[in-house]
Amino acid sequence: MDAHQKKAAVVGWPISHSLSPSIHNLWARRTGLNAQYLPIAIPPTYEDFAAKLDELQAAGFAGINITLPHKENALRYAAKASNGAEKAGAANMITFGCGGPYADNSDVEGFAQAVKGIVSKEKINSALVIGAGGAARGVVLAFQSLGVKDITLTNRTKDKALAIANDFKTATIDWGKEQNIIDTVDMIVNTTSLGMTGQPPLDLDLSRLQHHAIVADIVYSPLETPLLKSAKQKGNATVDGLAMLMHQAVPGFRQWFGGEPIVDQELRNHLVTILNNRKNEC
Ligand code: ATR
């Protein structure tokens, strides 16, 4: 045990496929910091989550990233939370400090950073957000922070879309009817699990999509989802799930390890290699 080593972790259930350790440990190597970032599995209940977080704090961990299914548990566990985490109703970061565990949500900033350049260059004013889970809340918040005013949500379970629309003053369109507005939106984001390996693809006809419109997917396995593939075939610009994943890791690394993490092509190539190797596993 190295008493000087800074420690952080990502927790979830399951956790073995998380790319976060690969991101943080690459940055730790690059910056020469004595830091270690571990994947830790915690069964889904709040009691399991709280007990493990208490244990990690006592063991000297600086902070924890949280992935499914614990993002709401993280908010409940924290003594304090940022505005972003409160608004999103979920946290993907807990920092252990003197004031107790502090919850934050870097998914919002991660998505905003991933699309920021493209949103200002292409003058994105309207967006269609597909899905209404925690990720959709983060995407809506990120769009609003970037000044995208005209946001429409669609979701299989309509009530969940209506709840977000009510919280964030956005519009909704019935599931299956989004085709009616496809030729008017500047950007489309899939926040559902459709298109993920083992899931059916998202059934969306992009033939009437405007030429400048951008298509983003938060799914990163596979990296090129059927949705992104058809957008590329039409000649539209795309943003894949890795972009958001890399950017959401930045605040944690900065805060817990004290180094300056850089999102660049080398990091992306490293993660793409890991994903490709997984594809070849039986
Ligand atoms: P997250 O926090 O990552 O957003 P989530 O809260 O489980 O995860 O949300 C998953 C989203 O994917 C939801 O919008 C869900 O739709 P429902 O609210 O109707 O469940 C959507 N989703 C998952 N599987 C789907 C499917 N087979 N068809 C349509 N939508 C699906």
### Query
Where in the chain lies the longest segment free of trypsin sites (Lys or Arg not before Pro) that are both loop residues by DSSP (not H, G, I, E, B) and have at most 16 other Cβ atoms within 10 Å?
1-122
### Potential extension, residue 2-residue 29 segment - 0.36 nm per residue separation minus Cα distance
8.1 nm
### Query
Around residue 238, which amide H atoms from residues at least 5 apart in sequence, or from another chain, sit under 5 Å from its own amide H, with H modelled in the peptide plane?
215
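More than 31 Å apart: what percent of Cα pairs in the chain qualify?
Above the 31 Å cut-off, the chain has 27 percent of its Cα pairs.
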### Query
³J(HN,Hα) across segment 44-55 via Karplus (A = 6.51, B = -1.76, C = 1.60, θ = phi - 60°), whole Hz, x for Gly/Pro?
x, 6, 5, 4, 4, 4, 4, 5, 5, 5, 4, 5
### Message
What number results when the radius of gyration of segment 168-282, computed over Cα atoms, is divided by 2.2 N^0.38 Å?
### Response
1.23
### Message
Can you compute 3J(HN,Hα) from phi for each residue in segment 231-248, using the Karplus curve 6.51 cos²θ - 1.76 cosθ + 1.60 with θ = phi - 60°, rounded to whole Hz and x for Gly and Pro?
### Response
5, 5, 4, 7, x, 8, 6, 9, 10, 9, x, 5, 4, 5, 4, 5, 5, 5
### Task
Just add up the charged neighbours of residue 177: K/R +1, D/E -1, any other residue whose Cβ is under 15 Å from the Cβ of residue 177.
-2
### Query
How far is it, in nm, from the label point at residue 183 to the one at residue 125 when both lie 7 Å from their Cα along the line to the Cβ?
1.9 nm
### Query
Once fully extended, how much extra length lies between residue 199 and residue 168, figured as 0.36 nm per residue of separation less the alpha-carbon to alpha-carbon distance?
8.3 nm
### Task
Can you tell me the relative contact order of segment 108-241? Whole percent, Cα pairs under 8 Å, sequence separation 6 or more.
21 percent
### In sequence order, calculated HN-Hα J values of segment 88-95 (Karplus, 6.51, -1.76, 1.60; Hz; x Gly/Pro)
6, x, 7, 10, 10, 9, 10, 10
### Query
Under the rule of -39500 (n - 2.57) per DSSP H run of 4 or more residues, summed and divided by the residues of the chain, what mean residue ellipticity at 222 nm is obtained, to the nearest 500 deg cm²/dmol?
-12500 deg cm²/dmol
### Query
Alpha carbon centre of segment 95-148 versus segment 21-89: separation in Å?
19 Å
## Note on the structure
Extension length gain for residue 221 and residue 266 (0.36 nm per residue less Cα distance), in nm, is 14.3 nm
#### Entry: Percent RCO, i.e. relative contact order, over the chain, from Cα pairs under 8 Å lying at least 6 residues apart
16 percent
### Task
Can you tell me what the convex hull of the Cα atoms of segment 37-195 projects to on average, as an area in nm²?
10.4 nm²
### Task
Would you mind telling me the share, in percent, of accessible area of the chain contributed by carbon and sulfur at probe 1.4 angstrom?
51 percent
### Summary
Between the residues 15, 65, 238, the Cα farthest towards the positive end of the dipole of the chain, that dipole coming from +1 and -1 charges on the beta-carbon of Lys, Arg, Asp and Glu, is from 238
### Message
Compute the helix-to-body angle for 158-168: its Cα long axis versus the longest principal axis of the chain, expressed 0 to 90° and rounded to tens.
### Response
70 degrees
### Query
At a probe size of 1.4 Å, how large is the accessible area of residue 266, to the nearest 10 Å²?
100 Å²
### Summary
Compactness check, segment 108-241: C-alpha Rg relative to the 2.2 N^0.38 Å globular estimate gives 0.94
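The values are calculated or read from the model by the stated rules, or taken from the named source; none is laboratory data. All of these numbers come straight from a predicted model, not from anything done at the bench. Positions of Cβ are backbone-derived with ideal geometry, glycine not excepted, and every protein chain shown enters the neighbour counts. Side chains included, ligands, DNA and RNA excluded: accessible areas come from the protein's heavy atoms. Shrake-Rupley method; radii C 1.70, N 1.55, O 1.52, S 1.80 Å.
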